[in-house]
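Structure first, commentary second.
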Amino acid sequence: MSEQITRATVIIDPLTFQRQCLAWQRQGERVGMVPTMGALHEGHLSLVRVCRRHCDRVVVSIFVNPSQFGPGEDFERYPRTLESDVAALDTVGVDAVLAPAPIDMYGPGFSTVVQPAHVAQTLEGQFRPSHYQGVTTVVAKLLNLARADVAVFGQKDYQQLAVIRQMVRELNMPTEILMGETCRESDGLAMSSRNRYLTAEERKRALAISRALFACRDRVRRGERDARELATNLMQELIDGGLDSIDYAVIADGQTLASLDQVGAGAVALVAGHVGKTRLIDNVLLDHAS
Ligand code: PAF
């Protein structure tokens, strides 16, 4: 099936972008948003395709959000590749791209924050304490700017999805949140803008993450339900696979992200670890019915 190709208009000014989205909605069109930080890969393009199936207009934001990076993280070196990002979006058809500078999003004196729910405190929250507050604040702004009917986020940051779903529900935001499945390279590595930091040798070792997660899912499919046993195996395979350090390797409830004793419906296995200087995250759903 051929895809509809539209050349994206790149808009720097958030209020101009908001006016454009409002004009579409006044014509009765549904607006869908895919928030990104750029350095786009096939995973992002697949989110755009999901969004297109639910909306008349698809808008993408490209904004490396300073408030979600902690001290010593990769904010400065995070890849900024606007020109090639827009070219990639033109291959799938996007109606507008919002690409503001930090000063356009956070004017002088900006001080409002959206405090994320409890689910933000575990896992990533233990290692990146202010990260999800930065995410909820910017995502609330982006969804308000687009007045989005629908927004699509990747499964790869599963916790982010849980945090955003809860924010939208509890703040009565009228946006439907959809999950786009994780896109993987042919050898299993989850696509990530940060994969470009890996050397060839590190990339080989990074494969331990998807390998360990797939092995965990296979065990569940074969009938293993002891989540502690599964988490122990997961951790051991990451160590054996040569990760330099492991922040967590857990079997958790899909909504609360609390660690489980027994695998039940909606359980998920989540991993975060370092290969060289690069921190990678990945997860698989452990739906033992599938
Ligand atoms: O997932 C990301 O790329 C970012 O966290 C997001 C949702 C675009 C907010 O900056």
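For segment 168-220, filtering for residues that are outside any helix (DSSP H, G or I), without any contact (Cβ under 8 Å) to a residue 60 or more places away in the chain and of a type in the set (A, V, I, L, M, F, W, C) leaves 5.
Taking ALA231, is it small (Gly, Ala, Ser) and assigned to a helix (DSSP H, G or I)? So ALA231 fits the description; yes.
Taking segment 239-259, which residues are in contact with a Leu (Cβ under 9 Å, 6 or more places away or on another chain) and not in a strand (DSSP E or B)?
Those that are in contact with a Leu (Cβ under 9 Å, 6 or more places away or on another chain) and not in a strand (DSSP E or B): GLY241, LEU243, GLY254, LEU257.
Among the candidates PRO35, PRO14, PRO66, which residue alone is under 24 Å from PHE110 (Cα atoms) and surrounded by 21 or more Cβ atoms within 10 Å (Cβ to Cβ)?
It is PRO35.
Among (1) away from the ligand (no atom under 16 Å from the Cβ); (2) of a type outside the set (Val, Ile, Thr); (3) buried (at least 18 other Cβ atoms within 10 Å of the Cβ), there is one condition TYR197 misses while meeting the rest; what is its number? Every listed condition holds for TYR197 apart from (1).
On inspection, VAL139 passes the criterion of being near the ligand (Cβ under 9 Å from one of its atoms) and either touching a Pro at 6+ places or on another chain (Cβ under 7 Å) or part of a helix (DSSP H, G or I) (or both).
Selection over segment 50-85 of residues that are among the charged types (D, E, K, R) and touching a helix residue (DSSP H, G or I) at 6+ places or on another chain (Cβ under 6 Å) gives a count of 1.
Going by what's in this entry, would ARG147 be described as among the charged types (D, E, K, R), touching a residue at least 24 places away in the same chain (Cβ under 8 Å) and either closer than 27 Å to LEU280 by Cα or in contact with a strand residue (DSSP E or B) (Cβ under 8 Å, 6 or more places away or on another chain) (or both)? Yes.
If you go through segment 47-71 and keep only what is closer than 24 Å to ARG128 by Cβ and assigned to a loop (DSSP other than H, G, I, E, B), you end up with PHE63, VAL64, ASN65, PHE69, GLY70, PRO71.
Report yes if some residue within segment 276-290 is of a type in the set (Gly, Ala, Ser) and touching a strand residue (DSSP E or B) at 6+ places or on another chain (Cβ under 6 Å); otherwise report no. Scanning segment 276-290, I find no residue that is of a type in the set (Gly, Ala, Ser) and touching a strand residue (DSSP E or B) at 6+ places or on another chain (Cβ under 6 Å), so the answer is no.
Considering only residues in segment 232-290 that are touching a residue at least 60 places away in the same chain (Cβ under 8 Å), of a type in the set (A, V, I, L, M) and over 21 Å from ARG184 (Cα atoms), the one that is surrounded by the most Cβ atoms within 10 Å (Cβ to Cβ) turns out to be ALA252. When ARG80 is tested against (1) touching a residue at least 12 places away in the same chain (Cβ under 8 Å); (2) under 18 Å from VAL135 (Cα atoms), just one condition goes unmet, and that condition is (2).
Readers should treat all values here as calculations from the given coordinates under stated rules, not as data from a laboratory. Treat the numbers as computed from the prediction; the structure is a model and nothing was measured. Methodologically, a virtual Cβ is constructed for each residue, glycine included, from the backbone with ideal geometry; neighbour enumeration extends over all protein chains shown.
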